[in-house]
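Laboratory data are not the source of any read-out in this text; all were calculated from the coordinates shown. From a predicted model like this one, the values you see are computed outputs, not experimental measurements. All Cβ positions, glycine included, derive from the backbone under ideal geometry; neighbour counts span all protein chains shown.
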Amino acid sequence: MIEIKPYDAVYEQSIQALIAIPVSGDMVLSFERSPSYLTGAHIQTETPRIFLCVDNGNDQVVGIFNIGLRRIIFEQKIKEAPYFCDLRIHPDFQNGTLLLKIIRQINLHCKDLNQIPAITVVFADNHKMTSMIARRLASSQKSGTPYYHEVANIETHIFRSISCKKHEFQIRIAHENDIEAMMILQKEIYSPSYTLFYDFHEIKETPYFHGLSISDFYLAFDGNKLCGYCGIWDLSNIKQTKVLAYHGWMKLFRRLYNNVLPRFFNFPYLPQPGDQLNTRSIHAISIQDRSPIIFKALLHHICTDTMVKADISLLCTLDRKDPLNAVFDSKINKVSKAGKVYLINNDSTLEPKFQQSFFVVDAPRI
């Protein structure tokens, strides 16, 4: 019998084993959380609500999901919205009734999804999840299953360099007395949108910013005016992405690729099977007028600072419709992974106020 229980650290070893089960695609990836699953959950959600599906027969965790809360900016107010993440079901239980039990638990704890929809991200090669969502949207039956409304197509770009022509902006690292200006810019840019809210005063004070300091943020100034900023985050001691195997062209040409393209053309390295991707995440992107020129200047400066180690790559996730994605449109020396963003409610339709021209997705918090 499978029982759904709140997170308990006593199951940490079993959770680690479940999380390590790989996800297939061109690269077979294992998204790991060593040494603690909970640390990564606090980065994804400010208030985690983690549930474990435990097989009482052998006391093993065969499923996990987090329906925690995090603050967003919406309709010029700061509100809490659920974020559905880390849904993992052991392959031996994916064709049973466990998913229905999980859905009942979600419905029990998320009763106001029509007021503030939950948000979730699904990578495009997660075919089981995307096909389930498609079947649900095509069905007119009232099954009590939430509706997933596709609101954005995203790309996660892995890259090592950004070339930038001479620009007029001054780029520097942030310090404590920049926080107020950063908070003001965030509010000016995002107040109408369904977008993550950050209180930078809480850096070093809450697990939501674990391992960050204000000096991990880069600021762009136009004269004396702050016109953009973004952060860089090393999550290697919290959330690890290991490449277990390659398929297709990557399997055939990985060694040739690594010997030529990263060395001479700044393509990202493809680690050998079993090794971890060595990345730093770009996040908390706030750019005046969503200007690609400002964003490119920031990224160029960050790339220059982080290329001390040749195998480090940067990772950035953007909506394809985000004007900032123009920075990557013509860039060939990158590796990109597609995904979709969904807003989740209990209605077959989504109110127009929740639709927007593009969604902002923060890579470390997926």
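For this structure, a couple of remarks:
- For the stretch 198-212, the Karplus equation 6.51 cos²θ - 1.76 cosθ + 1.60, evaluated at θ = phi - 60°, returns couplings of 10, 9, 5, 5, 8, 4, 6, 10, 10, x, 5, 10, 3, x, 9 Hz by residue, with Gly and Pro reported as x.
- Taken along the Cα-to-beta-carbon direction at a fixed 7 Å, the label points for Met250 and Ile4 span 3.3 nm.
- Computed label-point distance, nm, for sites Lys331 and Asn56 using a 7 Å Cα→Cβ extension: 5.2
- All distinct Cα pairs of the stretch 31-122 go into the 1/r average, and the inverse of that average, the Kirkwood radius, is 14.4 Å.
- Degrees separating the helix 127-138 axis from the principal Cα axis of the chain, which is the longest one: 70
- Shape category assigned to the stretch 186-332 from the gyration tensor of Cα positions, a/c cut at 1.5: prolate
- Pairs of Cα atoms nearer than 8 Å and 6+ residues apart set the relative contact order; for the stretch 2-120 it is 23 percent.
- Put simply, the amide H of Gln60, placed in the peptide plane, has neighbours under 5 Å in Asp55, leaving out anything fewer than 5 places away on its chain.
- Taking amide hydrogens as placed 1.01 Å from N in the peptide plane, the amide H of Leu314 sits under 5 Å from those of Phe159, Arg160, Arg280, each at least 5 positions away in sequence or on another chain.
- Label-to-label distance for Asn237 and Lys77 is 4.0 nm, based on points extended 7 Å past Cα in the beta-carbon direction.
- Calculated FRET efficiency for the pair Lys204/Val23, C-beta based, R₀ 35 Å, to 0.05: 0.60
- Using C-alpha pairs below 8 Å separated by at least 6 residues, the relative contact order for the stretch 235-330 is 30 percent.
- The Cα atoms of the chain define a convex hull whose projected area, averaged across directions, is 18.6 nm².
- Crossing angle, helix 292-306 versus the chain [Cα axis fit, 0-90 degrees, rounded to tens]: 90
- Local electrostatic count at Phe265 - Lys and Arg +1, Asp and Glu -1, tallied over other residues with Cβ under 12 Å: +4
- Phi-based couplings in Hz for the stretch 257-264 (Karplus 6.51, -1.76, 1.60; Gly and Pro marked x): 4, 5, 6, 10, 5, x, 5, 10
- By the rule of a C-alpha distance below 14 Å, with chain neighbours fewer than 8 residues away ignored, the aspartates and glutamates paired with Lys225 are Glu168, Asp178, Glu180, Glu188, Asp289.
- Whole-Å semi-axes of the ellipsoid equivalent to the stretch 73-113 (Cα gyration tensor, √5λ, descending): 29, 12, 5
- Distant-in-sequence amide H partners of Tyr246 (H built 1.01 Å from N, under 5 Å): Val28
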